[in-house]
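Enquirer: Dropping the structure in here first, questions after.
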Amino acid sequence: MIDIRLLRNDFKSVKKAISRRGEDTDSLDLIIGLDEKQRSIAEKRDQLRNEIKELSRRVGDLHKSGKTDEAGPLQESSREMREKEEALSEECDQLSTEIRELLLRVPNIPAEECPNGESAEDNVVVRVEGQGDEAWENYQRVPHWEIGETLGILDVERATKLSGAMFAMYTGLGATLCRALIQYGLDRNADAYREIRPPTLVLTETMVSTGHLPKFADDAYHLERDDLWAIPTAEVPLTSYARDEIISESELPMKLMSHTSCFRREAGSAGRDTRGLLRVHEFDKVELLAYATPEQAQEVHEDILSRAESAIADLGLSYRILDLCSGDLGNSSARTFDIEVYAPGAEQWLEVSSVSWFSDYQARRANVRYRSEEAKGTSVVHTLNGSGLAVPRVWAAIVETYRQEDGSIRIPDPLLPYMQGVKSIN
């Protein structure tokens, strides 16, 4: 969440920055009003505490002097003041809770470099790599769900029988290709990112830390009996890896990666294309995440983007990079670059990675701090993350891009070491 001190010290600038997202800023007025009230009450509470402390000292002195009769009225006054202090303290705590709940729903401030815009239509195309639409052969213009069914490597019908709509099941060499992509995504980042295998089910506070709760509860799977949430991305547990901890600055940037299954209800997908692997409730993904100082953040952001891009480029897929405008940013993000691959059979650009810098927004919620040797006190870290390799849509793009004239699929060279000697799927 944003720092309440920013609202206090530069309210107009924060309001202007949030409005770049196209968000209603009325809640900011409410927050600042409640904050002023809370601080006023806290000041009265603290003043009463000091007066009570002074009364207690005087009562003690009177008792020591044997003036018990004089001490009695003061003790009664002290009791009355304590009741008032407790009431003020309770009101102060209630206001603090209310302010926090409101702050949890305020999105992050977009970075100054983030382009202005209202929606995805205004995202900036940074560059496009690969062949244009006219270069695809007719045999590559077959959608992956048809190819998968013909070759027996994707079984959506049985997955629907097992789990319902928008689930998929990889079979045979389709499953092998899925596993190959995962290991490919892990191996190419093992030089700098420490692998973590976190739990797939997490506490509410873990989801709150990234900003997925409370605002996006409808998009998440909740196990109400145990009050656990199925993670929508490994970003969630990795962000809380050092929750409520203080890291030494010498450990930063701390770079982590995870392969997990991810679960999304896709509550807002009505009317969207959900065929094949275009939009599914469960999928595998290799995630990259880093804690960094503010000074390290830009370099780390570039590193994650470079790694995510090179993974797609080395697979020989056509792709483009988008600089998301302020109106299309994720709720927690200050700056995001999306990587989209082109699927010639589906005739669509498919997002396969969002590489985001969250400034201190998530870490403030998770209370992840660092301490340097020179500075007094601690500072909030910055978090950054991106998909190193998201399986379903990359799988789909490979199947369509590498389809041969005879209907087989040639395996891209970087994946051959993981395919058990198989060079093509027939």
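The values are calculated or read from the model by the stated rules, or taken from the named source; none is laboratory data. Just so you know, these numbers come straight off a predicted model, no measurement behind them. Here the Cβ positions follow ideal geometry from the backbone for every residue, glycine too, while neighbour counts run over all protein chains shown.
Condition check ((1) within 29 Å of ILE246 (Cα to Cα); (2) in contact with a Phe, Trp or Tyr (Cβ under 8 Å, 6 or more places away or on another chain); (3) without any contact (Cβ under 8 Å) to a residue 40 or more places away in the chain) across all residues:
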position	(1), (2), (3)
GLU340	no, yes, yes
GLU347	no, no, no
GLN362	yes, no, no
ARG369	yes, no, no
GLU374	yes, no, yes
LEU384	yes, yes, no
PRO392	no, yes, no
GLU400	no, no, no
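Enquirer: State the number of residues belonging to segment 82-140 that are within 15 Å of GLN38 (Cα to Cα), without any contact (Cβ under 8 Å) to a residue 40 or more places away in the chain and of a type outside the set (D, E, K, R).
Expert: Residues in segment 82-140 being within 15 Å of GLN38 (Cα to Cα), without any contact (Cβ under 8 Å) to a residue 40 or more places away in the chain and of a type outside the set (D, E, K, R): 3 in total.
Enquirer: Next question. Go through ASP61, ASP93 for me and flag whichever is under 30 Å from VAL208 (Cβ atoms), assigned to a helix (DSSP H, G or I) and not hydrophobic (A, V, I, L, M, F, W, C).
Expert: Going through ASP61, ASP93 in turn, just one is under 30 Å from VAL208 (Cβ atoms), assigned to a helix (DSSP H, G or I) and not hydrophobic (A, V, I, L, M, F, W, C): ASP93.
Enquirer: For segment 15-38, what are the residues that are closer than 20 Å to LEU95 by Cβ and of a type in the set (A, V, I, L, M)?
Expert: Of everything in segment 15-38, those that are closer than 20 Å to LEU95 by Cβ and of a type in the set (A, V, I, L, M) turn out to be LEU28, LEU30, ILE31, ILE32, LEU34.
Enquirer: Let me ask you something else. Just to check your reading of the model, which residue among GLU118, GLU129 is of a type in the set (Asp, Glu) and farther than 22 Å from ARG272 by Cα?
Expert: Unique residue meeting the criteria: GLU129.
Enquirer: If THR150 satisfies all but one of (1) over 29 Å from ALA308 (Cβ atoms); (2) of a type in the set (S, T, N, Q); (3) under 29 Å from the mean Cα position of the chain (by Cα), what's the number of the condition it fails?
Expert: (3)
Enquirer: Do you know which residues across segment 323-332 are surrounded by 22 or more Cβ atoms within 10 Å (Cβ to Cβ) and part of a strand (DSSP E or B)?
Expert: Within segment 323-332, none qualify.
Enquirer: Report, by residue number, each residue of segment 369-387 that is surrounded by fewer than 24 Cβ atoms within 10 Å (Cβ to Cβ) and at negative phi.
Expert: The answer is ARG369, ARG371, SER372, GLU373, GLU374, ALA375, LYS376, THR378, SER379, VAL380.
Enquirer: Is there any pair linking a residue in segment 23-50 that is closer than 10 Å to ILE99 by Cβ to one that is polar (S, T, N, Q) and part of a helix (DSSP H, G or I), with Cβ under 8 Å and at least six apart or on different chains, and which?
Expert: Going by the 8 Å Cβ cut-off, the qualifying pairs are GLN38/SER96.
Enquirer: May I pose another question? Considering each residue of segment 368-408, count those that are polar (S, T, N, Q) and in contact with a Pro (Cβ under 9 Å, 6 or more places away or on another chain), and give that number.
Expert: Result for segment 368-408: 2.
Enquirer: Can we say THR150 is in contact (Cβ under 8 Å) with a residue 40 or more places away in the chain and out of contact with any helix residue (DSSP H, G or I) (no Cβ under 7 Å at 6 or more places or on another chain)?
Expert: yes
Enquirer: How many residues does segment 409-421 contain that are touching a residue at least 60 places away in the same chain (Cβ under 8 Å) and either touching a strand residue (DSSP E or B) at 6+ places or on another chain (Cβ under 7 Å) or outside the structural domain of SER353 (by TED's automatic domain parsing) (or both)?
Expert: Qualifying residue count, segment 409-421: 2.
Enquirer: Among the listed residues ARG49, ARG45, ARG5, ARG21, identify the single one that is of a type in the set (Lys, Arg), within 42 Å of the chain's Cα centre (by Cα), part of a helix (DSSP H, G or I) and within 30 Å of ASN331 (Cβ to Cβ).
Expert: Answer to the selection: ARG5.
Enquirer: Here's a follow-up. Mind checking whether some residue in segment 81-90 is part of a loop (DSSP other than H, G, I, E, B), of a type in the set (A, V, I, L, M, F, W, C) and surrounded by 15 or more Cβ atoms within 10 Å (Cβ to Cβ)?
Expert: There is no residue in segment 81-90 that is part of a loop (DSSP other than H, G, I, E, B), of a type in the set (A, V, I, L, M, F, W, C) and surrounded by 15 or more Cβ atoms within 10 Å (Cβ to Cβ).
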